[in-house]
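In what follows, a single structure is set out as structure tokens and then discussed.
The values are calculated or read from the model by the stated rules, or taken from the named source; none is laboratory data. Note that the structure is a prediction, hence the values are computed from the model and not measured. Using ideal geometry, Cβ is built from the backbone for each residue, glycine included, and neighbour counts are taken over all protein chains shown. Areas reflect the complete protein model, heavy atoms only, side chains present, ligands, DNA and RNA absent. Shrake-Rupley method; radii C 1.70, N 1.55, O 1.52, S 1.80 Å.
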Amino acid sequence: MHQLIIRKANLPDGTQHVDIACNDGRISVVAPQIETSAETEIDASHCLVTSPFVDSHFHMDATLTYGRPRVNRSGTLLEGIALWSELKPSIDSADIKRRAHALCRWAIAKGNLAIRSHVDICDPALTAVHSLLEVKKEISPYLDLQLVAFPQDGYFRHPEATRLLDKALDLGVDVVGGIPHFERTQDAGAASVTALCEIAERRGLMADLHCDESDDPHSRHVETLCAETQRLGLEDRVTGSHLTSMHSMDNYYAGKLLSIIEETQLHVIANPLINITLQGRMDSYPKRRGMTRVKEMMERDINVAMGHDCALDPWYAQGSHDMLEVAQMGLHIAQMTGQEDVHKIFAAVTTNAAKILQLQDYGLAPGCYADLVILQASNPAEALRLRPSRLYVIRRGEIIARSQPAVSQVNLFGQTYPVAFRDSEYTPATDVERT
Ligand code: FE2
């Protein structure tokens, strides 16, 4: 007798109609048909069963503060940073924890069971650091929260950031962060990359730097991040977040930089929802999209993930922490609409992101944690198109969230038609990958 069996599941790799048995918090069997029964059985016919979504880039200390103390009228990154500086002194630990827990509930309902969140260390009291370390511990049975020590006001530009970043890491923050394009000069930005990578090397930590998040085609911090990663032997531990300036660089230099990123094995995180709204704000027409060169990176097998970045905060007035919304926006901006592209985009919010966070035992093979999401969609393409209900969210073999299937009743010509916008409503086949 198994504890849980999910029957007739479709998997993201195209495998169809398999049974998945889970015991003691782990996947124990994946087979076409499991004969034995289980304490709990779920019929997943016509449903995609995936490992959980992973948000590799978020700011949990600022989330759900939209409108405090006022809204971002220019819609720019810089007004967002200024707004956050105004707000910071007025928020206390209870406020941060209440909002963080609310966001975690949203994440879990959407099937996101791992989040890498940057936490601003430019506060002498490190209030957000202390608060989110508590949230990380409290939420750990349900969601993996990884924290990045993020010097929002600049590692060298803020007078105390060098000391505060070390202190945050001493307190248990997991990853070294940075923001070189916000330092006063290009040289200071480069020096911050060197210093932060050396801290990661010394402490044996991963690094994830906001890097060249601007429309400036001459910003050059990604090449420095790659050079320092190679010099210090940090390959596979370093991530560049945003890299939006690559959108504006001339193609000759961008081509050179792509080669350097490839040989460095730098992980890359694009944030489509935010990049498409913050970048190109000073353009008239044509307006630049501002997202980094995701398609070209994926063609080179560079590991690219997509993050949510913000939800209802000084930088972004939208969002519900749905990683399929992130992926769908990324698909549009990158113009990755082909059959293979869809699978690459789905991986950007699942397996690629899990690799960046170095999540242990993540996946659908026997022995992996029984962390699973059952979607009201048959395959990744349909999931991206519909952003469907997460029917079941399972953590360590236990159901921790459920949603009802979304079906509309349409009354026409004296008849009632159920409409769920499924592929099966317009193709004769019910359960096949689209060709
Ligand atoms: Fe960010």
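So here's what we get for this one:
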| read-out | value |
| --- | --- |
| Matching residues, region 105-130, being out of contact with any His (no Cβ under 9 Å at 6 or more places or on another chain), outside any loop (DSSP other than H, G, I, E, B) and either under 27 Å from Ala327 (Cβ atoms) or not assigned by TED's automatic domain parsing to the domain that holds Asn352 (or both) | Arg105, Ile108, Leu113, Ala114 |
| Cross-chain or 6+ apart pairs with Cβ under 7 Å, region 210-233 first and among the polar types (S, T, N, Q), then part of a strand (DSSP E or B) | Thr229/Val238 |
| Test: residue in region 231-240 that is open to solvent by less than 10 Å² (accessible area, probe 1.4 Å) and in a helix (DSSP H, G or I) | no |
| Complete set of residues in region 65-87 that are open to solvent by 10 Å² or more (accessible area, probe 1.4 Å) and touching a strand residue (DSSP E or B) at 6+ places or on another chain (Cβ under 7 Å) | Tyr66 |
| Matching option when the condition is closer than 26 Å to Leu133 by Cβ and either among the hydroxyl-bearing types (Ser, Thr, Tyr) or part of a strand (DSSP E or B) (or both), among Ser214, Ser219, Ser192 | Ser192 |
| Meets criteria (of a type in the set (Gly, Ala, Ser), without any contact (Cβ under 8 Å) to a residue 40 or more places away in the chain and more than 14 Å from Thr50 (Cβ to Cβ)) for Ala406 | yes |
| Of residues in region 318-351 being among the small types (Gly, Ala, Ser) and modelled with pLDDT of 95 or more, the one surrounded by the most Cβ atoms within 10 Å (Cβ to Cβ) | Ala348 |
| Check on Leu171, touching a His at 6+ places or on another chain (Cβ under 8 Å) and more than 25 Å from Leu331 (Cα to Cα) | yes |
| Residue in region 145-153 that is away from the ligand (no atom under 16 Å from the Cβ), open to solvent by less than 30 Å² (accessible area, probe 1.4 Å) and more than 30 Å from Ala370 (Cα to Cα) present | no |
| Evaluation of Gly14 against (1) outside any strand (DSSP E or B); (2) touching a residue at least 60 places away in the same chain (Cβ under 8 Å); (3) touching a strand residue (DSSP E or B) at 6+ places or on another chain (Cβ under 6 Å); (4) farther than 26 Å from Ser214 by Cβ (one fails), failing number | (3) |
| Residue check, Asp55 without any contact (Cβ under 8 Å) to a residue 24 or more places away in the chain, surrounded by 15 or more Cβ atoms within 10 Å (Cβ to Cβ) and in a strand (DSSP E or B) | no |
| Residue list for region 277-298, restricted to those being of a type in the set (A, V, I, L, M) and open to solvent by 60 Å² or more (accessible area, probe 1.4 Å) | Met282 |
| Helices (runs of 4 or more DSSP H) fully within region 310-373 counting 2 or more residues that are β-branched (Val, Ile, Thr) and more than 16 Å from the ligand (Cβ to nearest atom) | 339-348 |
| Filter pass, Glu138 being open to solvent by 10 Å² or more (accessible area, probe 1.4 Å) and closer than 26 Å to His158 by Cα | no |
| Selection from region 79-95 of residues that are more than 14 Å from the ligand (Cβ to nearest atom) and in a helix (DSSP H, G or I) | Glu79, Ala82, Leu83, Ser85, Glu86, Leu87, Lys88, Pro89, Ser90, Ser93, Ala94, Asp95 |
| Breaking point among (1) assigned to a loop (DSSP other than H, G, I, E, B); (2) farther than 20 Å from Ala383 by Cβ; (3) more than 21 Å from the chain's Cα centre (by Cα), for Met60 | (3) |
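Listed here are the residues, each with its yes/no results for (1) within 28 Å of the chain's Cα centre (by Cα); (2) of a type in the set (A, V, I, L, M, F, W, C); (3) buried (at least 18 other Cβ atoms within 10 Å of the Cβ).
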residue: Ile5; (1), (2), (3): no, yes, yes
residue: Ala9; (1), (2), (3): yes, yes, yes
residue: Gln16; (1), (2), (3): yes, no, no
residue: Gly25; (1), (2), (3): yes, no, no
residue: Thr40; (1), (2), (3): no, no, no
residue: Leu48; (1), (2), (3): yes, yes, yes
residue: Ser51; (1), (2), (3): yes, no, yes
